């Protein structure tokens, strides 16, 4: 199932995508108590995803008035508009660690992206004031669906609601050119977390392994990797992070990026106003962003 948030006439709506249509789950359910936001749905855990599936089926069958829209006719928002926390993982692809010149890490390298940096698909992202080294990073994003505290790696995937695409846009000046490095600030400026287009539930993607991940800038391919190259798997990350902080429904883990980011190309390539960035992950879809001044 593909769970989405989209803009309706009265604000953000909770939906599910089927083919080229999107179903307003609240309207389709006919239930006044149906959760109205993605966070509220995820907070119900497996039962929430079950009622979403039933509402989707009912909406497609009964074609409730106002509940079914052509997907191309709506504006998609970030599926989780304000995650409680976004935990980033640095240098988690073998090829990216190699291009940076770092050895394989023994434990995950973590940082945070502020939830206020989140924007949705097809957003225009303005380059932050004074930033000249804005970089792109395609990432498989894990969306937590059940509270996780000190979970075993063998049980970790049961705490995952699903997966989406995240562009870990980064102001490299703050990450590399200042001392001490300010990684979380570099990645948390307004607009630097495009996310979407929807959440593909874990019953379809399992542990997230074996997915191709790619980036194009203005039609030129910049990154081409696979989640099979992850140093720490999704299950390992959920287990490790939950050892020290509780992961809650709607929290997001950005699992890292493969080789090919702009900062380590020769010569370096940074984003400028007018650039069009397209990210793609197999079996999820595409996430596009336009860079503006």
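The values are calculated or read from the model by the stated rules, or taken from the named source; none is laboratory data. Bear in mind that the values here come from a model prediction, so they are computed numbers and not experimental data. Here Cβ is always computed from backbone atoms with ideal geometry, including for glycine, and neighbour counts include all displayed protein chains.
Scanning for something free of Cβ contacts under 8 Å to residues at least 40 places away in the same chain, over 17 Å from the mean Cα position of the chain (by Cα), assigned to a helix (DSSP H, G or I) and surrounded by fewer than 15 Cβ atoms within 10 Å (Cβ to Cβ), does the stretch 86-108 turn up at least one residue?
Filtering the stretch 86-108 for residues free of Cβ contacts under 8 Å to residues at least 40 places away in the same chain gives 101-103, 106.
Subset that is over 17 Å from the mean Cα position of the chain (by Cα): 101-103, 106.
Those left that are additionally assigned to a helix (DSSP H, G or I): none.
Looking for residues that are free of Cβ contacts under 8 Å to residues at least 40 places away in the same chain, over 17 Å from the mean Cα position of the chain (by Cα), assigned to a helix (DSSP H, G or I) and surrounded by fewer than 15 Cβ atoms within 10 Å (Cβ to Cβ), one finds none in the stretch 86-108, hence no.
Within the stretch 26-48, being under 23 Å from the mean Cα position of the chain (by Cα) and farther than 12 Å from residue 15 by Cα holds for 39, 40, 42, 43, 44, 45, 46, 47, 48.
All but one of (1) crowded, with 16+ Cβ neighbours inside 10 Å; (2) more than 30 Å from residue 112 (Cα to Cα); (3) at pLDDT 95 or above hold for residue 39; state the number of the condition that does not hold. Only one criterion in (1) crowded, with 16+ Cβ neighbours inside 10 Å; (2) more than 30 Å from residue 112 (Cα to Cα); (3) at pLDDT 95 or above is unmet by residue 39, namely (2).
Does at least one position in the stretch 137-150 carry a residue that is in a loop (DSSP other than H, G, I, E, B), more than 25 Å from residue 262 (Cα to Cα) and either free of Cβ contacts under 8 Å to residues at least 40 places away in the same chain or in contact with a strand residue (DSSP E or B) (Cβ under 6 Å, 6 or more places away or on another chain) (or both)? Checking the stretch 137-150: at least one residue is in a loop (DSSP other than H, G, I, E, B), more than 25 Å from residue 262 (Cα to Cα) and either free of Cβ contacts under 8 Å to residues at least 40 places away in the same chain or in contact with a strand residue (DSSP E or B) (Cβ under 6 Å, 6 or more places away or on another chain) (or both).
Give the stretch 1-11 a look and list any residue that's modelled with pLDDT of 95 or more, closer than 11 Å to residue 74 by Cβ and buried (at least 16 other Cβ atoms within 10 Å of the Cβ), or say none. Please lay out each step first, then the result.
Pass one, the stretch 1-11, residues modelled with pLDDT of 95 or more: 1-7.
With the extra rule that they be closer than 11 Å to residue 74 by Cβ, the set shrinks to 4-7.
Within the stretch 1-11, 4, 5, 6 qualify.
Are there strands (runs of 3 or more DSSP E) fully within the stretch 191-291 with at least 3 residues that are in the same structural domain as residue 130 (by TED's automatic domain parsing) and buried (at least 24 other Cβ atoms within 10 Å of the Cβ)? List them.
Values: elements: 193-201, 212-217, 220-226, 252-254, 276-281.
Here the list reads 193-201, 252-254.
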